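The values are calculated or read from the model by the stated rules, or taken from the named source; none is laboratory data. Computed from a predicted model, the values in this text were never measured in an experiment. Every residue, glycine as well, gets a Cβ built from its backbone with ideal geometry; the counts of neighbours run over all protein chains shown. Accessible surface is based on the protein model in full, side chains and every heavy atom, while ligands, DNA and RNA are left aside. Shrake-Rupley method; radii C 1.70, N 1.55, O 1.52, S 1.80 Å.
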Amino acid sequence: MLWGHRSSLDDIDLAPAPSARDIESPVTLTWFGVTTMLFDDGETQILIDGFISRPTLFQILTGQVVDNDVAKINFFLNEYRVRRLAAIIPVHSHFDHAMDIGAIGNRSSASVLGSESTAQIARGAGVPNDQIVVVEDGAKYSFGQFTITFIESAHAPVGLRGTVPIPGTIDEPLKTPAPIKAWREGGSYSLIVSHPSGTTLVQGSGGIRQSSLKDISVDVVMLGVGMIEGLGRDYVDQYWQATVTSTGATTVMPIHFDDFTKAFGTIELSPSFLDDFANTVMLLKEFRNNWDTDTQLYLPVFGEPIALYPASEPEA
Ligand SMILES: [Zn+2]
C-alpha cells in the first residue's frame with residue numbers, strides 16, 4: 001500500500017522550465033530523467049550521466065544481474081540527435097547515473113571523464129583507453145566552447161542510518177551484465193559547466209561539502225534533490241545556501257526527483273514514504289523566499305530543450 005502512495009507531478013506547483021522552442025538561447029539543456037542531461041550549443045554536446053537502461057524495481061530488489069539496453073540507447077541517440085557528443089560525465093558511478101556511459105562511449109568518439117571507478121565502467125564496456133580520462137579535484141577540461149570544472153563533493157547520506165548507499169570504489173573493469181551493487185559510488189562531483197554565454201552548476205547528489213563552492217558563481221543550478229527531504233529541514237536549508245545562495249544563481253531546477261525504476265521517458269514521482277517531492281518543493285520555495293528572492297525555480301520537462309541562458313527574460 002505504501003508503495004502505491006505517490007504525489008502526482010500535476011500537484012507540483014512549479015512552472016515548467018522555459019522551452020528553447022519558444023525562447024532563444026545559445027545553450028540548451030535537455031533533461032532525460034534522474035540526472036541524465038545534454039548540454040548543447042549547436043556545435044558541441046556534453047552529456048551528464050548516461051542512464052537510459054532502466055532496471056525494474058523487481059530486478060533491483062532481487063539483486064538480479066542487469067544489462068545495458070542497447071535498443072533503448074540507440075533510440076535515445078537517434079531520437080535526440082546526439083551526434084556531436086564530445087564528453088560523457090557522470091556525477092558519480094552509481095547505476096542510476098553511470099550504467100550506460102560505456103555503451104554510449106562506444107557509440108561515439110566522446111571522452112568519458114570522472115573518477116577511477118567511472119573509468120572502470122568505461123574499460124569494462126571496452127571504450128578505447130584514449131577516450132577515458134580520470135580527473136583530479138579542481139581540474140578543468142575544455143570541449144569546444146564548454147569548460148567543465150570538477151569539484152569533489154559528497155554523496156547524500158541517504159542509505160540506511162545515514163550511510164551512503166552502495167559505497168566504495170569499482171576496482172576492476174565492470175563488465176555487464178552485473179548486479180546493480182557492482183556500480184559503487186566511487187566519489188561524487190559538483191560539476192561547473194561554463195560557456196561564454198553562461199555557467200551552470202550540476203549538483204547530482206545532495207551531499208555538498210560545506211564551502212567547496214564558496215568562490216564559484218553560476219547562473220543556473222541543476223539541483224539534485226533525491227531523498228534529501230528525509231535528511232531534514234536544516235539539512236536542506238544548508239544545502240540550498242551552499243549551492244544557490246553562495247553561488248548567486250538566478251535559476252534553480254530540481255533534478256533526481258523522479259522514480260528511477262520507471263522506463264526511460266516515464267516521469268513519475270517516487271513513492272512518498274521514500275521521497276516526498278511535494279515536501280521538497282515546499283522547502284525549496286521557503287528557502288528561496290528566505291535567501292534568494294530573485295531566484296526562479298523551474299521544473300525540467302523530459303526531453304524538452306530548455307533555454308538555459310535566454311537572450312531575453314522569459315515571461316513570468
Ligand atoms: Zn547515487
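Checked against the criterion of being free of Cβ contacts under 8 Å to residues at least 40 places away in the same chain, in contact with a Leu (Cβ under 8 Å, 6 or more places away or on another chain) and of a type outside the set (D, E), the candidates V202, V218 yield just one match: V218.
Collect the residues in segment 135-155 that are surrounded by 15 or more Cβ atoms within 10 Å (Cβ to Cβ) and not in a loop (DSSP other than H, G, I, E, B), keeping them in residue-number order. Y141, F143, F146, T147, I148, T149, F150, I151, E152, S153, A154 - these are the residues of segment 135-155 that are surrounded by 15 or more Cβ atoms within 10 Å (Cβ to Cβ) and not in a loop (DSSP other than H, G, I, E, B).
Among the residues of segment 97-114, those that are open to solvent by 10 Å² or more (accessible area, probe 1.4 Å) and either within 13 Å of the ligand (Cβ to nearest atom) or polar (S, T, N, Q) (or both) comprise N106, S108, S109, S111. Can you confirm whether V158 is within 12 Å of the ligand (Cβ to nearest atom), without any contact (Cβ under 8 Å) to a residue 60 or more places away in the chain and either part of a strand (DSSP E or B) or under 19 Å from T243 (Cβ atoms) (or both)? Answer is no for this residue. Do we have any residue at all in segment 270-285 that's over 19 Å from the mean Cα position of the chain (by Cα), buried (at least 19 other Cβ atoms within 10 Å of the Cβ) and modelled with pLDDT of 95 or more? Yes; the residues of segment 270-285 include at least one that is over 19 Å from the mean Cα position of the chain (by Cα), buried (at least 19 other Cβ atoms within 10 Å of the Cβ) and modelled with pLDDT of 95 or more. Of the listed requirements (1) over 23 Å from T163 (Cβ atoms); (2) in contact (Cβ under 8 Å) with a residue 40 or more places away in the chain, E286 misses just one: (2).
As a summary of the residue check, F95 satisfies the conditions (1) within 24 Å of V220 (Cα to Cα); (2) within 18 Å of the chain's Cα centre (by Cα) except for the one numbered (1). Candidates in segment 7-37 are the residues that are modelled with pLDDT under 95 and of a type in the set (S, T, Y); of these, the one that is most open to solvent (accessible area, probe 1.4 Å) is S8. Checked against the criterion of being among the hydrophobic types (A, V, I, L, M, F, W, C), surrounded by fewer than 23 Cβ atoms within 10 Å (Cβ to Cβ), out of contact with any Asp or Glu (no Cβ under 8 Å at 6 or more places or on another chain) and closer than 30 Å to V65 by Cβ, the candidates I255, I180 yield just one match: I180. Scanning segment 115-130 for residues that are crowded, with 23+ Cβ neighbours inside 10 Å and either among the basic types (K, R) or in contact with a Lys or Arg (Cβ under 7 Å, 6 or more places away or on another chain) (or both) yields a count of 1. Answer yes or no: is there a residue in segment 206-222 that is within 22 Å of F32 (Cβ to Cβ), hydroxyl-bearing (S, T, Y), open to solvent by 30 Å² or more (accessible area, probe 1.4 Å) and part of a loop (DSSP other than H, G, I, E, B). Checked segment 206-222: no residue is within 22 Å of F32 (Cβ to Cβ), hydroxyl-bearing (S, T, Y), open to solvent by 30 Å² or more (accessible area, probe 1.4 Å) and part of a loop (DSSP other than H, G, I, E, B). Where strands (runs of 3 or more DSSP E) sit wholly within segment 1-102, none has at least 2 residues that are out of contact with any helix residue (DSSP H, G or I) (no Cβ under 8 Å at 6 or more places or on another chain) and farther than 29 Å from Q296 by Cα. What tally of residues in segment 38-70 results from selecting those that are in contact with a strand residue (DSSP E or B) (Cβ under 9 Å, 6 or more places away or on another chain), open to solvent by less than 20 Å² (accessible area, probe 1.4 Å) and of a type outside the set (D, E, K, R)? Going through segment 38-70 one residue at a time, the tally reaches 11.
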